[in-house]
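Have a look at the structure below before the remarks.
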There are 2 protein chains.
Amino acid sequence: MHVKIRKATPEDMGQVLELIKELAHFEKEPDAVIVTEKQIIEDGFGDNPLFECFVAEKETKILGMALCYFRYSTWKGRTLHLEDLIVNENYRGKNIGLQLYKEVMQFATENQVKRVEWVVLDWNKNAIDFYQKTGAKVLEDWRIAQFDEASLQKFIQNS
Amino acid sequence: MHVKIRKATPEDMGQVLELIKELAHFEKEPDAVIVTEKQIIEDGFGDNPLFECFVAEKETKILGMALCYFRYSTWKGRTLHLEDLIVNENYRGKNIGLQLYKEVMQFATENQVKRVEWVVLDWNKNAIDFYQKTGAKVLEDWRIAQFDEASLQKFIQNS
């Protein structure tokens, strides 16, 4: 499908947030999204933007989005992290995801990063197949560790 | 062991880089470190620093380091990523790692992040045990996907 791929504006973030909530539902955590439209606009479009966002637009409807930001590897230098790539479920299988993915990788190349990284659920075989077909590697031996807000507070208070 | 925990300065980065190379050796990729001292100083101490680094110092020797930077969760908001926490192998088991870990978590709390995240190799049982004892979760179902520089170039050229 022919869509326009462009950088997101603050006005897009309402529709972008709908896509984020759709993904949370797919990943079986529908209540996990606490970010608001106001917050995401502040975070992405203030003096010190925390991310870069691209959207796929058809007429005035946002059909997909990709959101990324820079990270740092102490082995390699500056890298790019692709946090989310989401296509509205009614518009899947129309190459929109691939167009967004290419845009992010183009952005990575222009910014001369040493690596692009993202995460995928191990049961999401479609996504894993797609990534591997494009030449990306899926690492088997690394695990993600995290403190959420509550466990971080608890650790700080007890230490 | 009593060490001074403080923010790193550009002058520390030579010793910090030695620790980074020590970790790469431990993780069985001794040749993977391509970052130079000059590069890491530019990246961390320029107009737009890509990371925050803390060191554990005894007299003028750097015995350990922790390096982190902010990321963004579209579900939660701003998060902190702990990229590396390294203690010189001759000084392990002396609580230096814990002191650096606490410093990073304190920094996270002061910056009101919604989550702190890092990665660990699935065979590094000592590290996993330590993290879990502090209340952190190790996620089993997420995998890391990545393009390195060469595969990214190849993808861009073929697409």
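Rounded to the nearest Hz, the phi-derived 3J(HN,Hα) couplings of the stretch A:40-50 under the Karplus curve 6.51 cos²θ - 1.76 cosθ + 1.60 (θ = phi - 60°) are 5, 5, 4, 5, x, 10, x, 5, 10, x, 8, where x marks glycine and proline. The 3J(HN,Hα) values that the Karplus relation (6.51, -1.76, 1.60; θ = phi - 60°) gives for the stretch A:25-37 are, in residue order, 5, 4, 8, 6, 9, x, 9, 7, 7, 10, 5, 9, 4 Hz. Gly and Pro appear as x.
Each residue in B:SER73, B:SER159, B:SER151 was given a count of other beta-carbon atoms within 10 angstrom of its own, and listing them fewest first yields B:SER159, B:SER151, B:SER73. Do the alpha carbons of any pairs in A:LYS7/A:LYS61; B:LYS76/B:LYS137; A:LYS38/A:LYS58; A:LYS21/B:LYS114; B:LYS61/B:LYS137; A:LYS58/A:LYS137 sit beyond 21 Å of each other, and which pairs? Exceeds cut-off: A:LYS38/A:LYS58; B:LYS61/B:LYS137; A:LYS58/A:LYS137. Restricted to Cα atoms, the protein assembly as shown shows a radius of gyration and a Dmax of 19.9, 64 angstrom. A Gaussian network model of chain B, with springs between Cα atoms under 10 Å, assigns the largest mean-square fluctuation among B:GLY135, B:GLY77, B:GLY44 to B:GLY135. Only helical runs count toward this figure. For the protein assembly as shown, summing -39,500 (n - 2.57) over DSSP H runs of n ≥ 4 and dividing by all residues gives -11000 deg cm²/dmol at 222 nm. With the label put 7 angstrom out from Cα along the Cα-to-Cβ vector, B:ASP31 ends up 5.2 nm from the copy partners, going from closest to farthest. This ranking places B:THR109, B:THR60, A:THR79 by how few other beta-carbon atoms lie within 10 Å of each, fewest first, which gives B:THR60, B:THR109, A:THR79.
If R0 is 51 Å, the Cβ-Cβ spacing of B:LYS125 and A:GLU11 corresponds to a FRET efficiency of close to 0.55. Loop sites by DSSP among the GluC sites (Glu not before Pro) of chain A, restricted to those with at most 15 other Cβ atoms within 10 angstrom, leave A:60-139 as the longest stretch without any of them.
A Stokes-Einstein calculation at 37 °C with viscosity 0.692 mPa s, built on the Kirkwood radius of chain B over Cα pairs, returns a diffusion coefficient of 191 µm²/s. Close amide H contacts of A:ASP84 (hydrogens built in the peptide plane, cut-off under 5 Å, sequence separation of 5 or more or a different chain): A:LEU67. In a DSSP loop and with at most 10 other Cβ atoms within 10 Å, the trypsin sites (Lys or Arg not before Pro) in the stretch A:1-30 are A:LYS28. Couplings for the stretch B:63-79, taken from phi via the Karplus curve 6.51 cos²θ - 1.76 cosθ + 1.60 with θ = phi - 60°, read 9, x, 8, 9, 10, 8, 7, 7, 10, 9, 9, 5, 8, 10, x, 6, 10 Hz in order; Gly and Pro are left as x. Pick from B:PHE54, B:PHE147, B:PHE45: which residue has the top mean-square fluctuation in a GNM of chain B where Cα pairs under 10 Å get a spring? In this elastic network of chain B, the residue with the biggest mean-square fluctuation among B:PHE54, B:PHE147, B:PHE45 is B:PHE147. Once backbone amide H atoms are built at 1.01 Å from N, B:TYR72 has B:THR79 as its partners under 5 Å, excluding neighbours fewer than 5 places away on the same chain.
Distance between the pseudo-spin-label points of B:VAL138 and A:ASN111 (7 Å out from Cα toward the beta carbon): 3.1 nm. What percent does the relative contact order of chain A come to when contacts are Cα pairs within less than 8 Å and at least six residues apart? It rounds to 18 percent for chain A.
For the stretch A:73-139, the set of chymotrypsin sites (Phe, Trp or Tyr not before Pro) satisfying both a DSSP loop assignment and a count of at most 14 other C-beta atoms within 10 Å is given as A:TRP123.
No lab work stands behind these numbers, since they all come straight from the coordinates. Everything numeric in this text was worked out from a predicted model, so none of it was measured. Note that we place each Cβ from the backbone using ideal geometry, even for glycine, and neighbour counts take in every protein chain shown.
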